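Here the structure comes first, spelled out in structure tokens, and everything after it is commentary.
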Amino acid sequence: MNTVRDLRLLPVWVNPQHLASTALHIMLGHKVKSLGVLDGGKLVGMLSLEDLLKAKEDTRVADLMHAAPSIIDAEMNVRDAAQAFVNEELDSAPVLKNSDFQGMLTPVMLLKELGRSYDPLTKLSWSDRLREWG
């Protein structure tokens, strides 16, 4: 089974000085529902689409962001990350590798990965379409 670092994370973020309108533009453009907030390259919080929809356009991200309820390590097994999402009832979580922001993880990303078939010997993914055809 793959680790979280093997997933296709989108490393989009905002800094605390960005405006809510900028963050909303980034979210809509990348079709994401949450962003990491980085200051000086370090994760300082996160921002959700809900936070932005309630805010005025000229509000600073620093006034809207909140602490990440959980942080996922990039080396964590995908199955363990999925269990953390269930246990902590997460909608998204920032992924860090040695304190470097890698992107936001969502349940949809985990479901896509967990739904794939793997060869138990090689740990490589099987082509499900090829197996179905066979």
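The values are calculated or read from the model by the stated rules, or taken from the named source; none is laboratory data. It should be emphasised that the depicted structure is a prediction, and the values quoted were computed from it without experimental measurement. With ideal geometry, Cβ positions are generated from the backbone for all residues, glycine too; neighbour counts draw on all protein chains shown. SASA here: full protein model, heavy atoms, side chains in, ligands and nucleic acids out. Shrake-Rupley method; radii C 1.70, N 1.55, O 1.52, S 1.80 Å.
Starting from the Cα-Cα distance between Lys54 and Asp80, subtract it from 0.36 nm times their residue separation and give me the gain in nm to one decimal.
On the way: separation 26, 0.36 × 26 = 9.36 nm, distance 3.32 nm.
Separation in residues times 0.36 nm, less the Cα-Cα distance, equals 6.0 nm.
Just flag the GluC sites (Glu not before Pro) in the range 85-117 sitting in loop per DSSP whose Cβ has no more than 10 other Cβ atoms within 10 Å.
Glu89
Please report the relative contact order for the range 65-118, taking Cα pairs under 8 Å with a sequence separation of at least 6, and give it as a percent rounded to a whole number.
Averaging sequence separation for qualifying contacts and normalising by length gives 34 percent for the range 65-118.
Compute the signed sum of charges (Lys and Arg +1, Asp and Glu -1) over the other residues within less than 15 Å, Cβ to Cβ, of Arg60.
-3
Computed from the coordinates I sent, Cα extents along the principal axes in Å equals one of (1) 38, 33, 32; (2) 38, 27, 26; (3) 57, 30, 25. Tell me the label.
(3)
Would you grab the residues whose amide H sits under 5 Å from the one on Leu105? Only those 5+ places off in sequence or on another chain, please, with H modelled 1.01 Å from N.
Those lying under 5 Å, H to H, from Leu105 are Ala93, Val95.
GNM, the chain, Cα, under 10 Å: largest mean-square fluctuation among Ser48, Ser34, Ser70?
Evaluated over the chain, the most mobile residue of the options is Ser70.
If one takes the longest principal axis of the Cα atoms in the chain, at what angle in degrees, from 0 to 90 and to the nearest 10, does the Cα axis of helix 20-30 lie?
For 20-30 against the chain, the angle is about 20 degrees.
Using θ = phi - 60° and the Karplus form 6.51 cos²θ - 1.76 cosθ + 1.60, what ³J(HN,Hα) does each residue of the range 80-88 get, whole Hz, x for Gly and Pro?
So the Karplus estimates, Gly and Pro as x, are 5, 5, 4, 5, 5, 4, 5, 4, 9 Hz.
For the range 1-116, what % of the accessible area comes from carbon and sulfur atoms, probe 1.4 Å?
Here it works out to 50 percent.
Run the reach check for Lys42 against lysines, Cα to Cα strictly under 24 Å, same-chain hits fewer than 8 apart removed. What comes back?
Lys31, Lys33, Lys97
So between Asn87 and Lys42, what do we pick up on full extension, going 0.36 nm a residue minus the alpha carbon distance?
Gain in length upon complete extension: 13.6 nm.
Considering only protein heavy atoms, what per residue accessible area in square angstrom results for the chain with a 1.4 angstrom probe? Intermediate results must be reported in sequence, preceding the final value.
Details: 8570 Å² over 134 residues.
Per residue, the chain has an accessible area of 64 Å².
Rounded to the nearest 5, what % of DSSP beta bridges with both residues in the chain are antiparallel? Before the final figure, lay out each step's value.
Values: 15 of 19 bridges.
Beta bridges within the chain, antiparallel portion: roughly 80 percent.
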